[in-house]
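A short worksheet on the structure shown next.
The values are calculated or read from the model by the stated rules, or taken from the named source; none is laboratory data. Computed from a prediction, not measured in an experiment: that's the story for all the values here. Cβ sites come from the backbone with ideal geometry, for glycine too, and all protein chains shown count toward neighbours.
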Amino acid sequence: MNFLKIFFISIFTLSLNIFGEKNYDLEVIVDGLDHPWSLVELSSGEFLLTELPGNLKLISKNGSKITEILNVPKVLFRGQGGLSDIVLHPEYNNNGWIYFSYSAYIDEKKKLNTLFVDRAKIKNFKLTSIENIFQAKAERNAPAHFGAKLFFLDDGTLMITSGDGFDFRESAQFLDNHFGKVLRINDDGSIPEDNPFVNVSGALPEIWSYGIRNPQGIFQDKDGLVYENEHGPRGGDELNILKPGLNYGWPAITHGIDYSGALISPFKEKEGMEQPIYYWTPSIAPSGMTIYEKDLFPEWKDKIFISNLVYQDVRLLELNENKEVINEEILFKEIGKRIRNIITLSNGELMIITDKKDGQLIKVKKIYKKYLCGISACGHGS
């Protein structure tokens, strides 16, 4: 009899999931943040959070205590610029290195700016041992389209996304600059010997792939594939699987048009240029991205979460074995704010960052419901 009860309770619970009842809860653990951009979880359960104005904050596990980390390099907080992404070295617990990206002026006259990546350690709530390991050869006047996402691959190399600078989109097709590129360096800033353009005359050796507009999310899956999302212009936001040395087409091919309504290119495809595995028209303005590989929410296993700014929700993408998107689901619409980032926590929960002033950290928690479904209640006698 006990076995039958458990069986029917399981069936009843499954039917609730099928018919759309939420099995998660949203908990705001911090609010009042100033343009928060990125977040990383420490092994202690604490978090390091970046804010575009140049603030780095240590946040306790439950959000009740926030400590400012001092000695952050001066950043250019204007337009889309500022203190951006933050990641931990794969051996962080042994070496203490954190890596962060930011925009800053490159000259005393404060006319030109570009993307920088530094690494540092934290001691007594201050950054120490600060080293600049990358400065993009992508100087611009306007503080726009920096990309600025960071991700460590399984081989220990660091991926850096670098946007097209908005006004320099044609440069994304040329290998003598860092506009519109995804880059790969070693953890100390040196160049991996197997980068695709190391031995190509006139090409910058950090370049891993090119023809990219404004990349906002990047991760590597358990099969070793590297995924990247990027803003299109008016339409044509993309999800790509990146491979070394390949050209992803921008601006020679695009599924979008210019903000003015004019054509950017008459072509949506060209020989020698890669197609996205998925794209959005109209634009959603994708931001953060994570693949869910935990067990807490089994219905989300191996699916991709992509936060977005325009529709103020998160897209959940399901891929088939051929890496084709076969389903898109909209989640967390109830937040009602521009969503800047989403990460998977070590316990299987998710953390969401909302954008702009009065930003929030919102935890996605599992709801465990107990349904009193006796045999008679389920219609199977007493």
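Per-structure values
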| read-out | value |
| --- | --- |
| Per-region count, the range 286-302, residues crowded, with 19+ Cβ neighbours inside 10 Å and either free of Cβ contacts under 8 Å to residues at least 12 places away in the same chain or assigned to a loop (DSSP other than H, G, I, E, B) (or both) | 1 |
| Filtered residues of the range 333-355 (kept if under 19 Å from residue 49 (Cβ atoms) and in a loop (DSSP other than H, G, I, E, B)) | 337, 338, 345, 346, 347, 349, 355 |
| Exclusive hit being modelled with pLDDT under 95, of a type in the set (D, E, K, R), closer than 30 Å to residue 368 by Cα and surrounded by fewer than 16 Cβ atoms within 10 Å (Cβ to Cβ), set 5, 61, 65 | 5 |
| Residue check for residue 316: closer than 26 Å to residue 338 by Cβ and in contact with a helix residue (DSSP H, G or I) (Cβ under 8 Å, 6 or more places away or on another chain) | yes |
| Exclusive hit being in contact (Cβ under 8 Å) with a residue 24 or more places away in the chain, touching a strand residue (DSSP E or B) at 6+ places or on another chain (Cβ under 7 Å) and surrounded by fewer than 20 Cβ atoms within 10 Å (Cβ to Cβ), set 246, 239, 263 | 246 |
| Verdict on residue 282 being surrounded by fewer than 17 Cβ atoms within 10 Å (Cβ to Cβ), touching a strand residue (DSSP E or B) at 6+ places or on another chain (Cβ under 9 Å), touching a residue at least 24 places away in the same chain (Cβ under 8 Å) and under 26 Å from residue 303 (Cβ atoms) | yes |
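Let's see how each residue does on (1) touching a strand residue (DSSP E or B) at 6+ places or on another chain (Cβ under 8 Å); (2) within 24 Å of residue 57 (Cβ to Cβ); (3) crowded, with 22+ Cβ neighbours inside 10 Å:
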| position | (1), (2), (3) |
| --- | --- |
| 92 | yes, yes, no |
| 100 | yes, yes, yes |
| 121 | yes, yes, no |
| 124 | no, yes, no |
| 143 | yes, yes, no |
| 161 | yes, yes, yes |
| 168 | yes, no, no |
| 198 | no, no, no |
